[in-house]
Amino acid sequence: MLIVAEIVHGILRVIVLVPVVGEFRSNQIGVFTGSAIILLIAYFTIRWIGARRPNELLLVGLLWLVLTVVFEVLFGRFVVGLPWQRIWADYNLTQGGLMPLGLLVLLFSPMLVSKLQKLSQ
């Protein structure tokens, strides 16, 4: 579900944002909008997943992170045909790549939404 949502998000980002702000800036903006999507998906699926304890929630986030990075790197390289330098640029904070921030949100999203749900009860 996360990957499908992020693919749709990426397509919309390319159609709407890239022509206005360029690819690199749209990637930066996309980290924040993508993080919001991830948090929403986590919010609506965390009970269904069944993870309750902090270590289980962190494990779910870690699994999501690993699967996402593997998918993005392989898809970017072998389907889209991006050069390695372009792929890693999104992950390089010193060059303005903000992907590590989005990955931190992804990693901790199950734990964050679990805490939010407990607070709202």
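The values are calculated or read from the model by the stated rules, or taken from the named source; none is laboratory data. Just so we're clear, the structure is a prediction, and the values are computed from it rather than from any experiment. Cβ placement follows ideal geometry from the backbone for every residue including glycine, while neighbour counts extend to all protein chains displayed. Areas reflect the complete protein model, heavy atoms only, side chains present, ligands, DNA and RNA absent. Shrake-Rupley method; radii C 1.70, N 1.55, O 1.52, S 1.80 Å.
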*asked:* in a helix (DSSP H, G or I), closer than 23 Å to Ser120 by Cβ and β-branched (Val, Ile, Thr): is that true of Ile41 in this structure?
replied: yes
*Tell me which residues, restricted to the range 53-71, are touching a helix residue (DSSP H, G or I) at 6+ places or on another chain (Cβ under 9 Å) and either among the aromatic types (Phe, Trp, Tyr) or free of Cβ contacts under 8 Å to residues at least 12 places away in the same chain (or both).*
Glu56, Leu59, Trp64, Phe71
_From Arg77, Arg25, residue being modelled with pLDDT of 95 or more, more than 25 Å from Lys115 (Cα to Cα) and either assigned to a helix (DSSP H, G or I) or out of contact with any strand residue (DSSP E or B) (no Cβ under 9 Å at 6 or more places or on another chain) (or both)_ = Arg77
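Matching residues to (1) at pLDDT 95 or above; (2) β-branched (Val, Ile, Thr); (3) open to solvent by 40 Å² or more (accessible area, probe 1.4 Å); (4) closer than 17 Å to Ala5 by Cα:
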position: Ile87; (1), (2), (3), (4): no, yes, no, no
position: Leu112; (1), (2), (3), (4): yes, no, yes, no
position: Leu116; (1), (2), (3), (4): no, no, yes, no
position: Ser120; (1), (2), (3), (4): no, no, yes, no
*Could you please find all residues in the range 47-79 being exposed (fewer than 10 other Cβ atoms within 10 Å of the Cβ) and β-branched (Val, Ile, Thr)?*
Val79
*Select from the range 1-22 the residues that are surrounded by 12 or more Cβ atoms within 10 Å (Cβ to Cβ) and within 19 Å of Val73 (Cα to Cα) and list them in ascending order.*
Leu2, Ile3, Ala5, Glu6, Ile7, His9, Gly10, Arg13, Val14
*Within the range 89-98, restricting attention to residues that are open to solvent by 40 Å² or more (accessible area, probe 1.4 Å) and not in a loop (DSSP other than H, G, I, E, B), which residue is nearest to Phe32 (Cα to Cα)?*
Leu93
*asked:* Can you confirm whether Leu104 is within 17 Å of Gln28 (Cβ to Cβ), part of a helix (DSSP H, G or I) and open to solvent by 70 Å² or more (accessible area, probe 1.4 Å)?
replied: yes
*asked:* Among the residues in the range 7-14, are any within 23 Å of Leu93 (Cα to Cα), small (Gly, Ala, Ser) and at pLDDT below 95?
replied: yes
